Structures are given as structure tokens and as C-alpha cells.
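The values are calculated or read from the model by the stated rules, or taken from the named source; none is laboratory data. This structure is a prediction, so every number in the text was calculated from the model and none was measured. Glycine gets a Cβ as well: all are built from the backbone with ideal geometry, and neighbour counts include every protein chain shown.
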Amino acid sequence: MIVSASYKTDIPAFYGEWFAGRLAAGYCRTVNPYGRQVSRIELTPGAVDAFVFWTRNLGPFGPALEKVRDLAIPFCVQYTITGYPRALDAATVAPGQAASHLRDLARDFGPRAGVWRYDPILLTSLTPPAWHRETFARLARSLEGAVDEVVVSIAQQYRKTRRNLAVAARAHGFTWRDPSPDEREALLGDQAQTAAAHGMRLTLCGQPEMLIPGVGEASCIDTRRLSDIAGHAIAAKRKPHRKTCACDASRDIGEYDTCPHGCVYCYAVQNRTLAKRRFKEHDPAGEFLVAPPDVSITKQSSGGDQGSLF
């Protein structure tokens, strides 16, 4: 089993103490966001083939990564670094600091341990195509030798994303738009060339209809990468989170509406006030990342699908 921690929230940035405690306990419990089914997920070396961590700030997670290494469980980190202005990313670490984290990760755990994510690509009056070209090139230069893949995606206008963007746009005085197909292809093509010049492969996450020559399909939960890191084969079982996803099977231990970063385009936070409150109420010693109000009335399970990513 591959454990994802987590595409629903930023466990390395905000919940590292909880994760380390659950490693010591050997399990955690999660709640299906749709059916409210409770699951127990084993976190022992015998049960976990690998971890995939998702974050925008790896800094606080160093002690937890050392515990993962002590257990000899392979892992990789999907690290988002975009350099967006504060109107879009309210509380993420500076891109230079984040790039330093990825360089340190490569030094300590090997060059396959980290994947840079430059996603989503959001076109606004603050971040037009020229801004993306310049920023992407600057970040790629700073990460040369630390990563061999950069994952991108074009921002998708989900209902909650549009709502949160509208609120931020009114507050900060910017506009946003979807790129035209020609504009999108030109930008992706330029980024692919820039990535290649710095020793990286550009891959596109969950948008196969937008693939162009020179851009690969991303597999964010990737048994091939994890097998390279582990030094032995990890069995692959394709089970995407959504129809357009190329990920292998995993179990996610996060919870929606718990990340207080405040990125206005985030699909995992519908209500930032709720996310900040749930983070404040979080119990680092608890079995759940966020305990449901009454687990006694929910059906318990040791496995099963936890629902669609979106």
C-alpha cells in the first residue's frame, strides 16, 4: 500500500507532529468525506510500501522524515513552488526558501526523492504569461540538479475555486481568465524547453487532452519513481483519483478544509475560515487528523476507496 499524505491538506507544513505520533502508534484513522465511513489505516513497515508527501513547506517536517527513514520506508515529496504574489498565496514560504528545502532533500535522500510542482498555472492580471515564463525559468535555474521532474497543470475553474477567486479578486483588485488553446500550448511548450535545459522533464497533471509534444503525462503517485528510491520493485496498480489521472493506487490520510495556507485557487479548501478553525482545534495526539463530531454512529472499515479527489 502506498500512503498519500496528503493531497487534501499540507501535512508536512502543519501536521508533522501528528504524523510522527501516528507512525509511532502504527496506524491512523480517516473519515470518507462523502459517505463518512471511518477507516483504520496501518502505518507500519509491513503495511506501507511507500509514502508520498505533498507540501508547500517542507521545513517543519524534517524530524518526521528522519523517522520514516529509520523505519526504512521509501518516500518521495511532491513540493509546490510557484512564487505567486500574496494576493494568490497568502501564507506560503518564500520560493527561495522552498527551493533550498528541495536541494537539501536531494542531498540527504537522493535526487529522486523530490518532485517540483509548478501548479496550478493561473493566468491573472498579476500573473500574465510573461510573468509565468520569467518565474518558471528563475525557479528552474534554482532547482537544477535537485529534481528531475516538474509537474504543471492549468488551473481548472471548479465551483469553489471560482468562488474563492472572486472574493480574492474583489479584495486585491485583480482579474483572472482561462488561457486560449494556442496561448496554453505556447506556454507549456516554452516551459518544457526551459525544464529540459535544466535537466528536468515537464509533465502535465490530470489533463491528457492538453498534452503536446515534449510534455509528458504526470503520475504523481508513481510506483516507478518509488521503486527507484526503494531499490526494489513496488507493485503497480493503476487506480486514479479521477478519470483523467495517471496515478497508481494509494490511500490518503488527509482531510479537506484543514490547510490554513490560504491559496485562493485551492480545490481542497472550500472555506478558509473553517480550515483555520479546524487547524486550531487539531489534536496532535489524536487518531484522526481532525476527529469527526461523533465516530460512534459511522460505519468503520479497514480499507476501501476514500472518494474522488474532486
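Residues in the stretch 124-134 that are of a type outside the set (Ser, Thr, Tyr) and surrounded by 21 or more Cβ atoms within 10 Å (Cβ to Cβ): His132 only. Applying the set (1) buried (at least 18 other Cβ atoms within 10 Å of the Cβ); (2) aliphatic (A, V, I, L, M); (3) touching a residue at least 40 places away in the same chain (Cβ under 8 Å) to Ala137 leaves exactly one unmet item: (1). Among the residues of the stretch 39-64, those identified as among the small types (Gly, Ala, Ser), touching a helix residue (DSSP H, G or I) at 6+ places or on another chain (Cβ under 9 Å) and either crowded, with 19+ Cβ neighbours inside 10 Å or in contact (Cβ under 8 Å) with a residue 12 or more places away in the chain (or both) are Ala50, Gly59, Ala64.
A Cβ distance below 8 Å, combined with a sequence gap of six or more or placement on separate chains, defines the contacts here; from the stretch 183-212, residues that are hydroxyl-bearing (Ser, Thr, Tyr) reach residues that are in a helix (DSSP H, G or I) and surrounded by 15 or more Cβ atoms within 10 Å (Cβ to Cβ) in the pairs Thr194/Arg133; Thr194/Phe136; Thr194/Ala137; Thr194/Ala140.
The criterion of being on the phi > 0 side of the Ramachandran plot and either over 21 Å from the mean Cα position of the chain (by Cα) or not aromatic (Phe, Trp, Tyr) (or both) does not hold for Gly96.
Total residues in the stretch 269-284 satisfying the condition of being in contact with a Pro (Cβ under 6 Å, 6 or more places away or on another chain) and either part of a loop (DSSP other than H, G, I, E, B) or over 15 Å from Lys8 (Cβ atoms) (or both): the figure is 1. Just checking, does the stretch 170-180 include any residue being among the hydrophobic types (A, V, I, L, M, F, W, C) and within 22 Å of the chain's Cα centre (by Cα)? Within the stretch 170-180, not a single residue is among the hydrophobic types (A, V, I, L, M, F, W, C) and within 22 Å of the chain's Cα centre (by Cα). Of all the residues in the stretch 293-310, those that are outside any helix (DSSP H, G or I) and either at pLDDT 85 or above or β-branched (Val, Ile, Thr) (or both) number 1. Helices (runs of 4 or more DSSP H) fully within the stretch 8-107 that include at least 3 residues being over 22 Å from Ala235 (Cβ atoms) and among the charged types (D, E, K, R): 62-70. Determine whether Val215 is aliphatic (A, V, I, L, M) and either closer than 19 Å to Thr135 by Cβ or without any contact (Cβ under 8 Å) to a residue 12 or more places away in the chain (or both). So Val215 passes the test. When we screen Cys263, Cys259, Cys220, Cys247 for residues that are at pLDDT 90 or above, crowded, with 19+ Cβ neighbours inside 10 Å and touching a Pro at 6+ places or on another chain (Cβ under 9 Å), the only hit is Cys247. Only one of the numbered conditions (1) in a loop (DSSP other than H, G, I, E, B); (2) β-branched (Val, Ile, Thr); (3) more than 28 Å from Asp257 (Cα to Cα) is violated by Thr135, and that is (1). A Cβ distance below 6 Å, combined with a sequence gap of six or more or placement on separate chains, defines the contacts here; from the stretch 65-86, residues that are crowded, with 20+ Cβ neighbours inside 10 Å reach residues that are of a type in the set (D, E, K, R) and part of a loop (DSSP other than H, G, I, E, B) in the pairs Thr80/Arg56.
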